[in-house]
Amino acid sequence: MFPSKILVLCCLATLFQLGCQNKTTDNEMSDVPSTPPDQDQTASSITSAFFGTTASGDSVDLYTLTDDQVTIKIMTYGAIVTSIIAPDKDGNKADIVLGFDSLDPYLQQHPYFGATVGRYGNRIANGTFSLDGSTYTLATNNGPNHLHGGLKGFDKVVWQAELINDQGQEKLQMSYLSIDGEEGYPGNLSVKVQFYLATDGALYIDYFATTDKTTPINLTNHSYFNLNGGSDDILDHEVYIKASRYTPVDEGLIPLGQLAEVAGTPFDFLAQPMPIGARIKEVPGGYDHNYVLNDWDSKLNTVARVSEPTTGRTLEVLTTEPGMQFYTGNFLTGIPGKGGTAYEQHYGFCMETQHFPDSPNQPDFPSCWLSPGEEYRQTTVYRFGVKDQE
Ligand code: BGC
């Protein structure tokens, strides 16, 4: 009834075998070029298969991006990253993101596992903003506030997928047209998100959008990482975040407006890498805060690095965005996930690269407005590796 389609593209001749995972040492924050490495060395492939059907009868496909080290699965429902399989220091592979084994649980309420979030990721206070003398009312789904695009955000729609070849690099491109008035937002917004695996063991995510009316926009990815494979909490993961400041919030997690210094507080992941669990008890509820990334210049910068001591797995995050929500899975409550694992509190952490929460109502924050004639661009890279063993 639903013939599975297998698309095997790419597999270009491998001129040089890279042969090993990307390796970095503890405090190293390597400079990464803003374009991916030499594509001639790519030996990745993209395939797809039928994954299931939504309640309204839409077919959902699951795409698999593979190279010799990493395998990543992304589905057309919500443009959700469902799986990232990466090796540890001994070459043992494990799935390092939280999620489900089948489509059905993704169709139910879940905490945005792996999702592409939009039209506006994070919160907009009271689900309202003013623009050119008009007040807009958005869907509210988080107490009085609007969160992650509302009741039916970009994480709950089926995207159109196609494979494209961009100068020799095969990419999975997901497209979605968000119509004028959807969840209360102004303007028809045409969105494209491109996913690809580059030769440095990294998942690149490039976001593009255009609109026919001025609208706020803030697209991000909501993967929950667990570098030890998801069967335990993430409190031993050591984190570096290149941010001297963060945006303090009220009890509804809406920024108060000012920027606070991290130095001397439990929010300081800059001075040196710190285990997530070291000071988490001093932060009521756990970390769920927007970091103001240092040296923001809209170019691709390395902004965070995480390592897990037992497995040696590492994650580096690069982005063009000014902020990053560091969220430590505070609201996970034993959700039954992959392989029957119950995802308890702090079983995953998110690094949601973004514009600051509530930017439409905070004129001093970097602008989140997209107007007709402009193109929204955002690039974020999640680079997987292992720590050098001394
Ligand atoms: C938010 C959290 C929220 C989580 C899941 C994060 O981006 O900051 O407060 O619970 O997403 O919705």
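Only residues that are within 15 Å of the ligand (Cβ to nearest atom) and of a type in the set (D, E, K, R): list them for region 94-117, please.
Within region 94-117, none qualify.
Is at least one residue of region 263-274 within 16 Å of the ligand (Cβ to nearest atom) and either aliphatic (A, V, I, L, M) or under 15 Å from the mean Cα position of the chain (by Cα) (or both)? I'd like the intermediate steps shown before the answer.
Within region 263-274, the subset within 16 Å of the ligand (Cβ to nearest atom) is 267.
From what's left, either aliphatic (A, V, I, L, M) or under 15 Å from the mean Cα position of the chain (by Cα) (or both): none.
No: zero hits.
Surrounded by 20 or more Cβ atoms within 10 Å (Cβ to Cβ), of a type in the set (D, E, K, R) and at pLDDT below 95, is that true of Asp200?
In short, yes.
Within region 123-146, track down each residue that is in contact with a Ser or Thr (Cβ under 8 Å, 6 or more places away or on another chain) and either within 15 Å of the ligand (Cβ to nearest atom) or not hydrophobic (A, V, I, L, M, F, W, C) (or both).
Across region 123-146, the qualifying residues are Asn126, Gly127, Thr128, Asp132, Thr135, Tyr136, Thr137, His146.
Criterion first (in contact with a strand residue (DSSP E or B) (Cβ under 8 Å, 6 or more places away or on another chain), surrounded by 22 or more Cβ atoms within 10 Å (Cβ to Cβ) and not small (Gly, Ala, Ser)) does Asn122 satisfy it?
So Asn122 passes the test.
Condition test on Leu177, is it modelled with pLDDT of 95 or more and surrounded by fewer than 17 Cβ atoms within 10 Å (Cβ to Cβ)? Step through it out loud before you land on a result.
Values: modelled with pLDDT of 95 or more: yes; surrounded by fewer than 17 Cβ atoms within 10 Å (Cβ to Cβ): yes.
So Leu177 passes the test.
Looking at region 378-388, is at least one residue modelled with pLDDT under 95, touching a Gly at 6+ places or on another chain (Cβ under 8 Å) and away from the ligand (no atom under 16 Å from the Cβ)?
If we filter region 378-388 for residues that are modelled with pLDDT under 95, which is where we start, we get 387-388.
Subsequent filtering for residues that are touching a Gly at 6+ places or on another chain (Cβ under 8 Å) retains 387.
Filter once more, keeping what is away from the ligand (no atom under 16 Å from the Cβ): 387.
Yes: one or more hits.
Taking interchain pairs and intrachain pairs at least six residues apart, which have beta carbon atoms under 7 angstrom, with the first residue in region 256-273 and more than 14 Å from Ala304 (Cα to Cα) and the second among the basic types (Lys, Arg) and buried (at least 16 other Cβ atoms within 10 Å of the Cβ)?
Taking only residues 6 or more apart or on different chains, the pairs are Leu259/Arg245; Ala260/Arg245; Glu261/Arg245; Val262/Arg245.
Restrict the check to region 115-123 and report whether at least one residue is hydrophobic (A, V, I, L, M, F, W, C) and over 24 Å from Ser190 (Cα atoms).
no
Consider only pairs whose beta carbons are under 7 Å apart and that are at least six residues apart or on different chains; among these, list those whose first residue lies in region 235-253 and is in contact (Cβ under 8 Å) with a residue 40 or more places away in the chain and within 29 Å of Ala125 (Cα to Cα) and whose second residue is acidic (Asp, Glu) and within 16 Å of the ligand (Cβ to nearest atom).
Close Cβ pairs (under 7 Å, with a partner that is acidic (Asp, Glu) and within 16 Å of the ligand (Cβ to nearest atom)) amount to Leu253/Asp288.
Any residue in region 294-315 that is farther than 23 Å from Ala94 by Cα, within 15 Å of the ligand (Cβ to nearest atom) and of a type in the set (Gly, Ala, Ser)?
no
Whether any residue in region 157-178 is aromatic (Phe, Trp, Tyr) and within 16 Å of the ligand (Cβ to nearest atom) is what I want to check. Full working, then the answer.
Step one: filter region 157-178 for residues aromatic (Phe, Trp, Tyr), giving 159, 176.
When the remaining residues are screened for being within 16 Å of the ligand (Cβ to nearest atom), the result is none.
For region 157-178, residues aromatic (Phe, Trp, Tyr) and within 16 Å of the ligand (Cβ to nearest atom): absent.
Give me the strands (runs of 3 or more DSSP E) completely within region 187-283, filtered to those with at least 3 residues that are of a type in the set (Asp, Glu), ordered by residue number. So that I can check it myself, show each step before the final result.
Working: elements: 189-198, 202-211, 220-222, 238-241, 245-247.
It comes to none.
Can you find, within region 321-347, the residue that is farthest from Tyr240 (Cα to Cα) among those that are more than 10 Å from the ligand (Cβ to nearest atom) and under 13 Å from the mean Cα position of the chain (by Cα)?
Top of the filtered list is Glu321.
I'd like to know if region 299-307 contains one or more residues that are assigned to a loop (DSSP other than H, G, I, E, B) and either farther than 29 Å from Pro87 by Cβ or not hydrophobic (A, V, I, L, M, F, W, C) (or both).
Initially, region 299-307 is screened for residues assigned to a loop (DSSP other than H, G, I, E, B), giving 299-300.
Add one more test, that the residue is either farther than 29 Å from Pro87 by Cβ or not hydrophobic (A, V, I, L, M, F, W, C) (or both), and what stays is 299.
Within region 299-307, one or more residues are assigned to a loop (DSSP other than H, G, I, E, B) and either farther than 29 Å from Pro87 by Cβ or not hydrophobic (A, V, I, L, M, F, W, C) (or both).
Please state which of the following conditions Pro360 fails to meet, knowing it meets all the rest: (1) closer than 19 Å to Val239 by Cα; (2) surrounded by 22 or more Cβ atoms within 10 Å (Cβ to Cβ).
Of the numbered conditions (1) closer than 19 Å to Val239 by Cα; (2) surrounded by 22 or more Cβ atoms within 10 Å (Cβ to Cβ), the odd one out for Pro360 is (1).
The values are calculated or read from the model by the stated rules, or taken from the named source; none is laboratory data. Since this is a predicted model, take the numbers as computed values, not measurements. Positions of Cβ are generated from backbone atoms using ideal geometry, with glycine treated the same way; all protein chains shown enter the neighbour counts.
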